[in-house]
Each structure stands twice: as C-alpha cells, then as structure tokens.
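A quick write-up on the structure given underneath.
What follows is calculated from the coordinates using simple rules that are stated; it is not laboratory data. Keep in mind it's a predicted model, so treat the numbers as computed, not measured. Virtual Cβ from ideal backbone geometry, glycine too; neighbours counted across all protein chains shown.
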C-alpha cells in the first residue's frame with residue numbers, strides 16, 4: 001500500500017513544477033526529478049515533490065552511492081532499521097540479503113528494540129539506521145549492538161539529528177520529540193569509541209544542485225554547522241568495523 005501511496009503522490013510533481021515555474025530548480029538524486037522543490041514549514045526547498053524525500057535523505061543517498069562505488073554488495077546482507085521507502089528500494093536492488101526492522105511498525109521483516117537486536121554476532125555486512133539513536137534509553141548499548149551484528153570490514157551508516165553544539169542526554173523523554181538524547185557534533189565520539197574508523201560526510205562535500213542544506217532561520221551564532229543566512233549543513237557518519 002505504501003508503494004501505491006508514494007506513486008500517487010509522485011503524479012503531482014508535474015503540476016507542482018508548472019505552478020512554480022520560474023523558481024529556483026534543483027535535481028533530486030533519488031528519483032531524478034528536476035525542478036523546484038517544496039518548502040516544509042520554515043525549511044526552504046526541503047522536499048522533492050516527486051519522491052517526497054527531504055534534504056537529509058538526499059545527502060544520505062549520495063553518501064550511500066559513494067560507498068557502493070567502492071564495494072561490491074551483490075553477495076552481501078544489510079540490516080535496515082526504521083526503513084525509508086526510497087532506501088528500501090535501493091537496498092533490495094543492491095544487496096543479496098535485505099532485512100528491515102523497527103520497534104513497532106508492521107511493514108518490516110522483524111520487530112525489535114535496537115538495544116537488543118535479535119541476530120547473531122557478525123550477521124550483516126552493513127547496517128543503515130537513520131535518526132534512531134536519539135530515542136533509546138541506552139543509546140550506547142544500541143551503538144554496540146549495531147557493531148556486534150556487523151561482520152569484519154562491515155559498515156554502519158548512522159545519521160543523527162544535530163540539535164545542539166554539544167550533546168544533551170535527558171533524564172526523561174521529551175514529551176514532544178520523544179528524544180532521550182539531543183545530539184551535537186561531539187556525538188561522533190560515541191561512534192569512535194566502538195568502531196575502528198568514522199568518516200563524516202557533510203552537505204558541502206556534494207553538488208549544490210541537489211539542495212542538501214537545511215534552512216532553520218536565525219543567525220546560527222555558535223552552531224558549528226551554520227553556514228549563514230539561516231542555512232545549516234548536515235552530516236552523515238559512516239562507521240567502519
């Protein structure tokens with residue numbers, strides 16, 4: 001049903017493009033749509049009108065394509081946590097074995113808590129889990145679980161939302177965001193304590209035509225990823241066993 005829903009939404013893209021003729025154009029690397037992007041609340045040029053993916057997904061997609069150019073995944077397996085539709089399609093085409101998981105969702109292969117992943121050691125060649133580590137009570141346990149289920153030379157792609165300059169660990173869950181951890185740039189230290197190497201991919205490392213920056217407004221004073229005029233960079237940590 002989700003695939004049908006996304007397909008129907010994609011049919012609106014030509015009309016959006018026509019109605020917004022003359023606005024700044026971009027290229028979505030996920031679905032190859034070329035034209036103006038949709039705003040999302042205060043975020044300018046955030047959403048592709050065809051596939052519906054946002055800035056962070058476009059950046060993550062480019063990072064993944066970069067990884068796939070250097071390794072052959074045709075005989076490998078991936079664990080995809082809290083699966084996004086666009087990446088589900090990509091991973092099923094790229095990997096021999098695809099397993100999706102989530103704590104509550106029913107459109108996945110297995111339900112589990114990332115603090116206790118129900119797979120043996122060294123089960124997967126890659127783990128992809130975007131914006132999930134801010135929710136578990138024990139995020140360090142979740143990171144170690146991602147490391148545990150990876151094979152030698154495995155890769156974990158673990159994007160996080162950057163909320164502050166320095167990470168804040170909450171005692172109680174935020175009633176609105178449901179976060180237990182509000183990551184800052186120093187959150188990468190938690191990956192470095194578990195993995196052999198951590199590479200940080202930033203928005204500015206990829207072509208501007210894909211619009212990979214996040215507009216939040218404000219002057220961004222003191223924020224390490226502010227680039228001016230209300231725009232912020234984003235990051236994707238790629239962790240190597």
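Quick notes on this one:
- Burial ordering of 171, 40, 50, fewest other beta-carbon atoms within 10 Å first: 171, 40, 50
- Across region 146-177, the residues whose backbone nitrogen lies under 17 Å from the label position 7 Å along the beta-carbon direction of residue 202 are 160-166.
- Exposure proxy ranking, count of Cβ atoms within 10 Å, fewest first, for 192, 84: 192, 84
- Full extension of the chain between residue 121 and residue 219 gives 30.7 nm of extra length, using 0.36 nm per residue less the Cα-Cα distance.
- Between residue 23 and residue 153, the modelled label-to-label distance comes to 4.6 nm, taking each label 7 Å out from Cα in the direction of the beta carbon.
- Computed extension length for residue 140-residue 192: 17.6 nm, one decimal, from 0.36 nm per residue of separation with the Cα-Cα distance subtracted.
- Note on residue 209 and residue 66: the model spin-label points, each 7 Å out from Cα along the C-beta direction, lie 1.8 nm apart.
- Counted by neighbouring Cβ atoms within 10 Å, the residues 167, 97, 196 run from fewest to most as 196, 97, 167.
- Distance between the modelled labels on residue 165 and residue 39, one decimal in nanometres: 3.0 nm (7 Å Cα→Cβ projection).
- Once you divide the Cα radius of gyration of the chain by 2.2 N^0.38 Å, the number left is 1.02.
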